[in-house]
Structures are given as structure tokens and as C-alpha cells.
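Report on one structure; see the data block that follows.
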Amino acid sequence: MTKFRIIKSRADSLVRLGAYSTIATPNIIIPTSRGTIPHLTPENVQKHVETPAVFVGLEDFIERVPMKSPIAQFGHSLREYISLLPSSHEIPIFLAPRRSCPIPTSQQNSDKTFSIVTTDGFRQFEVIEYLTLASTLADKDTVILAPVDMPMLISTTKSEGGYSPWKHIGGNRVRKMVVRNEMWSEAALQICAARDVIVPIMPGIKLPDQEEFINKVAVSSAGLTFYDISSPFVPESCAEKLTSPMTGSSADIASLPESISTFARINLAYHNGPHDVLESIAKGYDLFCADWVVTATDAGIAFTFELEQTSDETLPLGISLWENVKYATDLNSLSDDCECHTCKNHHRAYIAHLLSAKEMLAWTLLQIHNLHVASKFMAQIRSAIEQNQFDEASRKFNKTYSAKTQATPGGGPRVRGYQVRLAGLVTDKKLNESPFRSLD
Ligand SMILES: [Zn+2]
């Protein structure tokens, strides 16, 4: 089992420097879509992108009958199936039942099944099937996430501002969550015993109520997943109703029992950008999904931020290449002194042109740049922690950069189903407008 190593921590702070497998933490896990880092081919990933770890949601590969899906018949490892990296490469894969930023489903979980969104629509996936499949697909550098029972239902009644993403959940449902998570995590540790298994700590449920789970189950795991209150997994009613949500408040991480205090902590809440990442690190988390990088790339934004930057005026996190008038003749690189493949070979005008022509290469080049900026940012954070300057650097960053992301007209070459945003955005509106219109 891979043990999380703490390299540096301080008694007066939850911020820590560590290493999990080949990942130096704090760090980002890069999300994938059907096994691919959006917009990048495996060759591009290998040549141009620093990849600390990737996150793969098995639901992306599941079809009508889960165990008859091509991935279940494959017979080799997930690493080979997604051709993401050659098998000699030891980049860790975090294999989860659902995507890193899952869309709500319309079906309830049961004791033995949980609801997923597949290419064929909403499906029930048996816990045992998931775990069996995960254990056969995982190689030694694949970390398996135990399924988590959190209600992810779309309310069918329309309220103000569209469909509300959550149905109200009550006390009985919460008790079920606790029981199921214990059951499912136990099964995960048993079935996937040969691999590293990460189990969930439930949000919104007091620590003493999870004590049995922690002592009996979590102690044998390789790490913990947390679902902060902002997580797309956590229903609002749950967050409001239950007192003292244990995740989302730093005091609670501090009071994690000694037995699991040295475990890797993965925060699976949706991080909206670097500001959220800094907040998460301050709360004591080690790893987070970088969905925000993909969101920015899809929107045609090139990041220009870095940790140590001082400015009298508030700076944006990036530039919108859709502003063709502004960048049509701009021969500068996307951001000054950037060492990425895009910045070394192309200028803003070229990428702005590709973008307005809706050439897919635009998003490829942007993704290479944005992932480079994000990974440099994480390296700067680690060195700030090393030098005991994290708090100061983080305060400066929050003051220098605006947390608001720009609105851009772009949404990737073509908006896909998984890009449906969660909160309140489940509407009847089509994602992509029809390219054909009547002539008048
Ligand atoms: Zn660059």
C-alpha cells in the first residue's frame, strides 16, 4: 500500500507538504473525459504537459449492461485501455465510479447499487460490479476510490430560476448514507485488497457519528476523500440541516483522529480556480481535481496568473482570446516568460485567430498553456510552504487577483453533455444551437 509521506508540517497550521506515490503534494489531479485529458492526444500529453496524476470516472465507459461494456471485456489494464500513457510511466490514475465533476442523476441509489450517467443515459451500477471491474483494471499505480452514497438527484419540480438540482433529504436518508458508506468501503477494501483504496469521509455528518467507520474501515485505507460543502455531491439541504459539517471547516480536519491524521486527503469539491485551491490547502487538503483549468480552456481563456505577483490594481486570472479586436495583431506570447510549448512557438494573434475560426487546435494550445501555468502555480505553492511563506503568499495572491472569471462567448469546440453545469442549470435549453437557420 502506498503511504502518504508528510515532508513538512507545522503545529500551528494545517498546511502541509507531502508526497503520495510520485505526486508531490499539494498538487492537482488532472480530470479526464472518457480517459482523455480534454483537447489533448496522448502524444501531446507526453511531450508537452506535466501530469502529476489523472482522474478517470468509470461511468464514462459503461454502457447499457455494465459488465458487457467494451471496457469490461478488455482484459488488460485501464492504463492501456485509455492509451493515456505507456504502461512504463508511473503516473498515478485515480479511478472513481463517477467523473470528477459529476452531473446529477434522476435515479436513487439503493443498498447495492448507485446511480451513474452513461452514454446510454442514467443507469444503476452495482457496487460489487464496480469494485470487481476496478480491481481488474487497476495496475500498481492506480488508486481506486470507493463509491460514495450521496444523493445526487435532480428535482423534477421547477422552482424559481429553473430546476433545482437537489431534492430535500431527511434524517433517515442521512443514516442510510452512513450505513451504506461503511458497507461499500468495506467491500472496496476487501475486493480491491491488492490495490490502494481511498474511502470517503462524509460531509455534514459529525465526526463522532463516523467514529466506528473511521476505526473499523478508514484506518485500513490508503487515503481519504472529502466532499466539501461546495461539492457538487453535497445537497444543500444536507449542508444546512446538519450541524457542524466536518469537512469545509478547518477545525474539523484538525480534530481528525490520530490514526488517520497522516493519510492523504483528497478534496473532491468543485474548485472554481486558484483562489479555491489556496483555501483548500489552508484547510489541510493535499490533492484536488483541476476541473477549473479545463473550464477556462473551454471558455477560451489563457491564464496569466502566478503566485508571487504584486500589482496595485486588481488583475484578472487570464485573458480572453475571444477579444479578437484586442489580440488580432498581438505578437506576444500568452503570458510573459512562459516556458510552455504554446508560448515558445505561437503568439496571441495566432491563437485568437484559431479560436474565432473554431479550429480545434486553439483549445489544444490553450490547454497545454493553462495546464503548464497551473502546474507552475502548484510548484510555487509547495516552495512557499517549504519556506514557511504560504499564508503571506496566499494573502498577497487573493489581494492581487480577482476571483471572478471572465464571461466569454466560447464554450469549447462543441459543448458536450458533461459540461452541463450543476447548480440550477438543468434546463430545457439545447446545449448547442443548430447551425442551420432559415435564410430570412
Ligand atoms: Zn504558456
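Going by average Cβ density within 10 Å per residue, which order do the peptides 369-376, 384-391 take, highest to lowest?
369-376, 384-391
Applying 1/(1 + (r/R0)^6) with R0 = 51 Å to the Cβ-Cβ distance of LYS358 and ASN215, what FRET efficiency is obtained, to the nearest 0.05?
Computed FRET efficiency for LYS358 and ASN215: 0.40.
Tell me, what HN-Hα J-couplings in whole Hz come from the Karplus equation 6.51 cos²θ - 1.76 cosθ + 1.60 at θ = phi - 60° for each residue of segment 380-387, using x for Gly and Pro?
Each residue of segment 380-387 in turn: 5, 4, 4, 6, 5, 5, 3, 9 Hz.
Where the eigenvalues come from the Cα gyration tensor of segment 10-85, what are the semi-axes √(5λ) of the equivalent ellipsoid, largest first, in whole Å?
Over the Cα atoms of segment 10-85, the semi-axes work out to 30, 17, 11 Å.
Please state the relative contact order of segment 302-419 as a whole percent: Cα pairs under 8 Å, 6+ residues apart?
Once normalised by length, the contact order is 37 percent.
Calculate the spin-label point distance for LEU14 paired with SER261, positioning each point 7 Å from the Cα along the beta-carbon direction, and give it in nanometres.
Distance between the two pseudo-spin positions: 1.3 nm.
For GLU126 and VAL178 in one chain, what is 0.36 nm times their gap in residues minus the Cα-Cα distance, to one decimal in nm? Spell out each step's value before the answer.
Values: separation 52, 0.36 × 52 = 18.72 nm, distance 1.80 nm.
In short, 16.9 nm is gained.
Express in nm, to one decimal, how much length is gained between THR310 and GLN380 on full extension, taking 0.36 nm for each residue of separation and deducting their alpha carbon distance. Write out the running numbers ahead of the final one.
Numbers: separation 70, 0.36 × 70 = 25.20 nm, distance 1.47 nm.
So the chain would gain 23.7 nm between THR310 and GLN380.
Working from the pairwise distances between different alpha carbons, so that the mean of 1/r is found and then inverted, what is segment 276-417's Kirkwood radius in Å?
Result for segment 276-417 stands at 15.8 Å.
When you count, for each residue, the other Cβ atoms within 10 Å and take the mean per peptide, how do 213-220, 111-118 rank with the highest first? Numbers along the way, then the final one.
On the way: 213-220: 17.2, 111-118: 20.0.
In descending order of packing, they fall as 111-118, 213-220.
What list of ³J(HN,Hα) values in whole Hz, one per residue of segment 25-34 in order, does the Karplus curve 6.51 cos²θ - 1.76 cosθ + 1.60 (θ = phi - 60°) give from phi, with Gly and Pro shown as x?
10, x, 7, 9, 10, 7, x, 10, 10, 6
In segment 43-125, if the dipole is taken from +1 on Lys/Arg beta carbons and -1 on Asp/Glu beta carbons about the Cα centre, which of SER106, THR119, SER77 is farthest to the positive end?
About the Cα centre, the residue reaching furthest to the positive side is SER106.
Going by a ≥ b ≥ c, the root eigenvalues of the Cα gyration tensor, does segment 259-344 fall in the rounded group (a/c under 1.5), the prolate group (a/b larger than b/c) or the oblate group?
Since a/c reaches 1.5 and a/b is larger than b/c, the shape of segment 259-344 is classed as prolate.
If R0 is 51 Å, what FRET efficiency do you get for ASP139 and ARG437 from their C-beta distance, rounded to 0.05?
Efficiency, rounded to the nearest 0.05: 0.55.
We did not get these values from a lab; they are worked out from the coordinates using the rules stated. Keep in mind that this is a model prediction, so the values were computed, not measured. Cβ sites come from the backbone with ideal geometry, for glycine too, and all protein chains shown count toward neighbours.
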